[in-house]
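Novice: Pasting a structure here, questions to come.
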Amino acid sequence: MLGAIAGDIIGSRFEHARIKSKDFELFNRQSIFTDDTIHTIALADSLLHKIPYQEKLREYFQYYPNAGYGGRFRRWARSSKPVPYGSYGNGSAMRVSPIAWFYNTLDEVLDAALRSAEMTHNHLEGIKGAQAVAGAVFIARKGADKRQIQDFIQDSFAYDLSESLDEIRPGYEFDVSCQGSVPYAILAFLESTDFEDAIRNAVSLGGDSDTQACIAGSIAEAYYGGVPTEIADETLARLDSRLTDVFQEFQERQLRGTRDEGREKSK
């Protein structure tokens, strides 16, 4: 989950800057968390405390009403009777990474990703984007190599990952749809050499940089075995106590699970 948050914060100041380069300072005073981080931590909070996703997303909207949400999500969050609004936007994919760490089988992850998407993003593409990212994070943390991850995405979700970033970058436009942003965020990870490079790749597309870096970062964290200490420290320093507390609780749960799994294997 920290990889997603780091990507959001690093990409936040480039969302409308249309940068087309990997050469930039990772953090400065303008580097802040956005709705991507808030939704991600709200989803983690939901999983930890067994409270419906919908309730937690609406609760966190009240805590952070000015974090860059889309107009339809704002109306949904404020509604007395919220219903799915058929979105195929990448909001379903940006928030999904905690699911990939919480569940223990791919089927569970894909089912939970569907449920996390369909409360708002019940369009087929919105669901597909969430499942693709959650599935990629899950199999990456279970040891899949990049060829296996690419094959899984292409075979299961029919995303075209055949072009290179260098081919895509010059003509790529700002796009908040799942189909127009998620495949390229995944490609940013696939072409990376390490965690930081995945983030730089995603930002360099010049698109929805915070969300695409959030997605690329979520997969890169799982694949590369964590977030580099310097990036992690800069990221956590930009969270408030509410967000930090949930993040730490989620991390502690994962550490307990890892220790328990290790003890089972040693028996």
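Novice: For segment 169-184, what are the residues that are farther than 16 Å from residue 127 by Cα and out of contact with any Ser or Thr (no Cβ under 6 Å at 6 or more places or on another chain)?
Specialist: 169, 170, 171, 172, 173, 174, 184
Novice: Return the only residue of 191, 252, 167 being under 28 Å from residue 63 (Cα atoms), of a type in the set (D, E, K, R) and surrounded by fewer than 22 Cβ atoms within 10 Å (Cβ to Cβ).
Specialist: Only one candidate qualifies: 252.
Novice: Taking the residues in segment 231-267 that are part of a loop (DSSP other than H, G, I, E, B) and at pLDDT 95 or above as candidates, determine which candidate is farthest from residue 196 (Cα to Cα). Don't jump to the end; show me each part of the working.
Specialist: Kept after step one, since they are part of a loop (DSSP other than H, G, I, E, B), are these residues of segment 231-267: 237-240, 267.
Still in the list and also at pLDDT 95 or above: 237-240.
Details: 237: 18, 238: 18, 239: 20, 240: 23 Å.
Of everything passing the filter in segment 231-267, 240 is farthest from residue 196 (Cα to Cα).
Novice: Count, please, the residues in segment 56-113 that happen to be farther than 24 Å from residue 175 by Cβ and not in a helix (DSSP H, G or I).
Specialist: 10
Residue by residue, here is whether (1) of a type outside the set (D, E, K, R); (2) crowded, with 23+ Cβ neighbours inside 10 Å; (3) touching a residue at least 40 places away in the same chain (Cβ under 8 Å) holds:
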position: 126; (1), (2), (3): yes, yes, yes
position: 177; (1), (2), (3): yes, no, yes
position: 184; (1), (2), (3): yes, yes, no
position: 209; (1), (2), (3): yes, yes, yes
position: 222; (1), (2), (3): yes, yes, yes
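Novice: Restricted to segment 63-75, and to residues that are over 17 Å from residue 239 (Cα atoms) and over 18 Å from the mean Cα position of the chain (by Cα), which residue is surrounded by the fewest Cβ atoms within 10 Å (Cβ to Cβ)? Give the steps one after another, and end with the answer.
Specialist: Of all residues in segment 63-75, those over 17 Å from residue 239 (Cα atoms) come to 69-75.
Add one more test, that the residue is over 18 Å from the mean Cα position of the chain (by Cα), and what stays is 71-72, 74-75.
Numbers: 71: 7, 72: 15, 74: 13, 75: 12.
Result: 71.
The values are calculated or read from the model by the stated rules, or taken from the named source; none is laboratory data. Quick caveat: nothing in here was measured; it's all calculated off a predicted structure. Neighbour counts are summed over all protein chains in view; Cβ atoms, including those assigned to glycine, are modelled from backbone coordinates with ideal geometry.
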